[in-house]
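*Asks:* The following block contains the structure, expressed as structure tokens.
The values are calculated or read from the model by the stated rules, or taken from the named source; none is laboratory data. Source: prediction; values computed, not measured. Cβ placement follows ideal geometry from the backbone for every residue including glycine, while neighbour counts extend to all protein chains displayed.
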Amino acid sequence: MTEFWKEHSHQATVEEMMLDSHAQELTQQELPEILSLLPSLSGQRVLELGAGIGRYTSHLLTQASHVTAVDFMESFVEKNRQDNSHHGNASFLQADVTKLDFPKNSFDIIFSNWLLMYLSDEELRSLTERMLGWLRLGGYLFFRESCNHQSGDYKRTFNPTHYRSSAHYSHLMTTTMREESEGAEKQVFGFDIVLNKIVQTYIKMKNNQNQVCWLLEKVGRDTACQEGFRTFQQFLDNQQYTRKGILRYEKMFGAGYVSTGGHSTTKEFVDLLNLKPGMKVLDVGCGIGGGNFYMAKAFGVEVLGLDLSANMVDIAMERAMEEKLPSVHFEVADATKREFPEGSFDVVYSRDTILHINDKLALLKRFHSWLKPGGQVLITDYCCGEKPWTPQFQEYVKQRGYILYTPPEYGKFLQQAGFSNVRAEDRTAQFMQVIQTELERAAAMKDEFIKEFSEEDYLAIVNGWRDKLKRCNTGDQRWGLFHATRN
């Protein structure tokens, strides 16, 4: 690998560094896209790994308080130094990242572009553990990699690269942990995913969906576990939203849908928004994208769908390839941590998702800031009746990891978040009617469903719906519709 890079670093050009003859055009489009995904750099200490000739260094330096730029090729480091040392807030280091070390809590942000794919799984786990130590608590790691196959068009005389899948990267990075001692106290740290998405420039310019980036946050693992899983995302993807579980719900609700009522309730609620062509919609908890595709096709809007479940987004991306709608995008993201500039969207839309969120007021305040003046929020969500609840409902809520409130309490949260014209409706009767209709449809397709899945899967869904009806009849479970505007 060293010999290869010596051969491709004589001139220290961007084409050599990216191994692509179209590097200039790609950089022009890609660089602003990547930078827009970073957390605020103002006053931050940044470690840039695999900095190369400084394609990103010069931009990081204009905002960060200090940047330590690392690369293992001397010619690249020297070129970066020549071009960027005048900023006065940079250090340039030639080093092998597998042997690199820094004091604990040295950095606020670590930035890496096309580096981790050159490391084995063992080397990557070791580096990830060390990066957890270099970052302060709450610090961020941003990295971008070629998944599944190479990025550029240069002929490669070597193949040391580990072209992992996006899911494999996510698993490696979020399951690696670091234990640190503070006096007699010991604490375990790990990374949570803030966002994970495909680089759109490569889709537009090369029809390449294998350029993927991540933003991770260093967190205390003792506060991020549920039911034995290290992260809430792993809990969702391994227990509540397995791929098979998602597909069997889609079979019942209709193509593209996994939420109550499928297309019928989606059309009813979206019609409340009076969407116009060119509007920008954020769908929080987008599932597998049915509502997103409907909004884009019916109203000509741009839609960004977020979901914390990687399984949901993987299926949504598969559907997106079939739909061929360039105005619809998806990303794995945590809405409680994801950042958008104020006034980014005309609509924030969310269906049966916020039931997982503990601090709903804080999330609604984020929605409010992301909306343009006059923008709308529309939410449906599982709610609850007044306490005390039955023991059965308490166990159900605990097992699912839900945090539920009554519809009027939801409405008050929206008001406290700054929204006006708040409409908070108890739609439990509609919810029950939809479930009854779905039970009838399930009975009609029973044989077809069992042939595609199994009788066990069929009974799991049908019995789950019957249990929901029982919980609604006791008054424990409710379903709410919430609509409000930002002044």
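*Asks:* Among the residues of the range 378-398, write down those that are touching a residue at least 24 places away in the same chain (Cβ under 8 Å) and among the polar types (S, T, N, Q).
*Replies:* If the condition is that a residue be touching a residue at least 24 places away in the same chain (Cβ under 8 Å) and among the polar types (S, T, N, Q), then Thr380, Thr390, Gln392 are the ones that fit.
*Asks:* Residues of the range 51-105 being farther than 23 Å from Thr128 by Cα, of a type outside the set (S, T, N, Q) and touching a Gly at 6+ places or on another chain (Cβ under 6 Å), which ones?
*Replies:* Phe76, Asp83
*Asks:* Counting only residues that are of a type in the set (S, T, N, Q) and within 27 Å of the chain's Cα centre (by Cα), how many does the range 35-78 have?
*Replies:* Adding up the residues that qualify gives 6.
*Asks:* Looking at the range 295-316 only, could you name the residues that are assigned to a helix (DSSP H, G or I) and either surrounded by 24 or more Cβ atoms within 10 Å (Cβ to Cβ) or among the small types (Gly, Ala, Ser) (or both)?
*Replies:* Met295, Ala296, Ala298, Ala310, Met312, Val313, Ala316
*Asks:* Which one is farthest from the chain's Cα centre (by Cα), of the residues in the range 163-209 that are under 19 Å from Ile315 (Cβ atoms) and hydroxyl-bearing (Ser, Thr, Tyr)? Write out each step before concluding.
*Replies:* Taking the range 163-209 first, the residues under 19 Å from Ile315 (Cβ atoms) are 165-171, 193, 195-198, 203, 209.
If we keep only those that are hydroxyl-bearing (Ser, Thr, Tyr) as well, we get 165-166, 169-170.
Working: Ser165: 16, Ser166: 12, Tyr169: 14, Ser170: 11 Å.
Ranking the qualifying residues of the range 163-209, first place goes to Ser165.
*Asks:* So, one more: Sort through Ala417, Ala424, Ala429, Ala444 and tell me the only one that's modelled with pLDDT of 95 or more and in contact with a Leu (Cβ under 6 Å, 6 or more places away or on another chain).
*Replies:* Ala417
*Asks:* Shifting gears a bit: Grab the helices (runs of 4 or more DSSP H) fully contained in the range 372-458, keeping just those with 3 or more residues being of a type in the set (S, T, N, Q) and exposed (fewer than 14 other Cβ atoms within 10 Å of the Cβ).
*Replies:* Of the helices (runs of 4 or more DSSP H) lying wholly inside the range 372-458, those with at least 3 residues that are of a type in the set (S, T, N, Q) and exposed (fewer than 14 other Cβ atoms within 10 Å of the Cβ) span 391-400, 428-444.
*Asks:* Still on this structure, I have one more. List the number of the failed condition for Val303; all other conditions in (1) over 14 Å from Leu236 (Cβ atoms); (2) at pLDDT below 95 hold.
*Replies:* Failing condition for Val303: (2).
*Asks:* Sticking with this one: Here are Gln11, Gln82: which of them is polar (S, T, N, Q) and modelled with pLDDT under 95?
*Replies:* Step by step, each of Gln11, Gln82 is checked, and only Gln11 is polar (S, T, N, Q) and modelled with pLDDT under 95.
*Asks:* Quickly run through the range 318-333 and pick out the residues that are modelled with pLDDT under 90 and surrounded by 21 or more Cβ atoms within 10 Å (Cβ to Cβ).
*Replies:* Residue satisfying the conditions is Ala320 alone.
*Asks:* Continuing with this model, one more query. Of all residues in the range 28-57, count the ones that are surrounded by 18 or more Cβ atoms within 10 Å (Cβ to Cβ) and outside any loop (DSSP other than H, G, I, E, B).
*Replies:* 8
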